[in-house]
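Heads up: the structure comes next, in structure tokens.
Laboratory data are not the source of any read-out in this text; all were calculated from the coordinates shown. Treat the numbers as computed from the prediction; the structure is a model and nothing was measured. Here the Cβ positions follow ideal geometry from the backbone for every residue, glycine too, while neighbour counts run over all protein chains shown.
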Amino acid sequence: MFRHLTAGESHGRALIAILEGVPAGLPIDHQFIDSRLASRQSGYGRGARMKIEQDHAEFLSGIRDGATLGSPVAIMIPNKDWENWQKVMAPFETEAAAVRAKAVMRPRPGHADLAGALKYMHTDIRNVLERASARETAARTAVGAIAELLLHEFDITLAAHVIRIGPVAAETSRLNAKQILMRSEKSPIRCADASAAPKMMHAIDEAGTAGDTLGGTVEVLVTNPPVGLGSHAQWDRRLDGRFAAAVMAVPAIKAVEIGAGVALGHLRGSQAHDEIFHKGRNRRRSAGYYRTTNRAGGVEGGISNGEDIIVRATMKPIPTLGKPLRSVDIRTRKPATAAMERSDICAVPAASVIVRAVVAIEMANAMMEKFGGDSLREMRANFANYIRAITKSR
Ligand SMILES: Cc1cc2nc3c(=O)[nH]c(=O)nc-3n(C[C@H](O)[C@H](O)[C@H](O)COP(=O)(O)O)c2cc1C
């Protein structure tokens, strides 16, 4: 199994990820990993914190001379801001005055502040928000980049783009995955629709001026997956369920769709399902079967069907507002306005990078489950054997 855990507080010394189950012999492109981290930090609408942190992954174990060993991979992403926060966040011997100055007492509606402080019996909400902060997703982004490197070995690629910011929707139905990737990577808001992008940025500016925030929707496309990942046979093996759990576990993501998703509920069956054809050229990965539509988003019965996988995620607006909402001071229990931390106005472009990472992790996990192996060589042989077998037996 390709599994991982992360650790680290937002203003702590570093973020850590431990990743287990990566096959031996996978070449690790350090620059690719750092480029994914840089993408997570950029995008129109992000706050000042991103200018402080320029993330860089340091590898502590599991890699030797540029390739994985098959042992756990430990990754550290140092927090550049640490030196300014040591007196507040040090594991031992913090400075009382500094801790008091940074204490948070007025929970932000929409954040983990109140529920977390009550649950863990903390009197300083900082003890919750430091870990609840989406800074943690830098660690998941690094893990996702390694997952992508594994998928690249099997010619499976991922693209992610922004399809909605607040009221502004993009129109990309005529673009293929390659065009979407190229156009969205060039866009400051990671939107492949050049006419919608400026409207999205304008909507973010307007929200910021009003002391408000905005959410939106991102789409991830997985190109060239083989038929047969996941399974109908047990609930927790269903590929769509696994994508939904992983994507929903990204902070602020409140809805996940596979393929046409919510829209399918408005259609008749004859309009909703993707008819089946055979003798598709270059369709060895689905034994020659193909579809001319892809409303299922590449998953039927919890199993990949060989079409591109499409996962969409909707992010709520950021909970920290320039004009804070009403709240209650947890010391006095008197009405107060919510705390204000340095914050993003809109992090939907960044969320596209994170959702791509967690989809990559689930894809890598499903690939390992089906084609397993302790080394990349073994996994490649298993993959080739399976493709040969499904092609022959049909
Ligand atoms: C990339 C990214 C950046 C975020 N930046 C902020 C931020 O600057 N301020 C904030 O209050 N919330 C931010 N959030 C959202 C919170 O992390 C999230 O709403 C909070 O942890 C509560 O979790 P929930 O929304 O899933 O309930 C961000 C989320 C993501 C994915």
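With helices as the sole contributors, the chain gives -10500 deg cm²/dmol at 222 nm; each DSSP H run of n ≥ 4 counts as -39500 (n - 2.57), and the sum is divided by every residue. Taking amide hydrogens as placed 1.01 Å from N in the peptide plane, the amide H of Ser375 sits under 5 Å from those of Ala24, each at least 5 positions away in sequence or on another chain.
Cβ-Cβ distance of Leu118 and Ala384, R₀ of 51 Å, FRET efficiency by 1/(1 + (r/R0)^6): the value works out to about 0.40. Partners of Lys323 within straight-line reach, counting aspartates and glutamates whose Cα lies under 14 Å from its Cα and excluding those fewer than 8 residues away in the same chain: Glu206, Asp212, Glu341, Asp344. Relative protection proxy for 221-230, 336-345, from highest mean packing down: 221-230, 336-345 (other beta-carbon atoms within 10 angstrom). Here's the list of aspartates and glutamates a cross-link from Lys279 could span, going by alpha-carbon distance under 18 Å and ignoring same-chain residues fewer than 8 apart: Glu307, Asp308. Computed from the Cβ-Cβ distance with R0 of 56 Å, the FRET efficiency linking Thr292 to Asn127 stands at 0.55. If you plug the beta carbon distance of Leu69 and Lys334 into 1/(1 + (r/R0)^6) with R0 = 56 Å, you get a FRET efficiency near 0.45.
Using the alpha-carbon centroid of each, what span in Å lies between the range 270-309 and the range 159-177? If we compute the Cα centre of each part, the gap is 22 Å.
For a paramagnetic label modelled on Ala255 (point 7 Å from Cα along Cα→Cβ), amide N atoms under 18 Å away belong, within the range 163-184, to 163-172.
Length gained on full extension, Ser61 to His30, computed as 0.36 nm times the residue gap minus the Cα-Cα distance: 9.8 nm. Taking 7 Å steps out from each Cα toward its Cβ at His202 and Trp235 produces label points 4.8 nm apart.
For Lys316, the lysines whose Cα falls under 21 Å of its own Cα, not counting residues fewer than eight places away in the same chain, are Lys199, Lys254. When peptides 26-34, 303-311 are ranked by their average number of other Cβ atoms within 10 Å per residue, the highest-first order is 303-311, 26-34. Under a 5 Å amide H cut-off, with hydrogens placed 1.01 Å from N, Glu9 pairs with Ala14 among residues at least 5 apart or on other chains.
By Kyte-Doolittle mean hydropathy of at least -1.0 and Cα axial length of at least 27 Å, which whole DSSP H helices of the chain are selected?
Span-like helices, by this rule, are 348-371.
Note down the nm distance, to one decimal, between modelled labels 7 Å out along Cα→Cβ at Arg174 and at Glu83. Calculated label separation equals 5.3 nm. Each Cα pair under 8 Å and six or more residues apart adds its sequence gap; the mean of these over the residue count of the range 3-392 is a relative contact order of 22 percent. A cut-off of 5 Å between modelled amide H atoms, ignoring neighbours fewer than 5 places along the same chain, links Glu300 with Asn305.
The distance between label points at Ser270 and Lys323 comes to 5.1 nm (points 7 Å beyond Cα on the Cα→Cβ vector).
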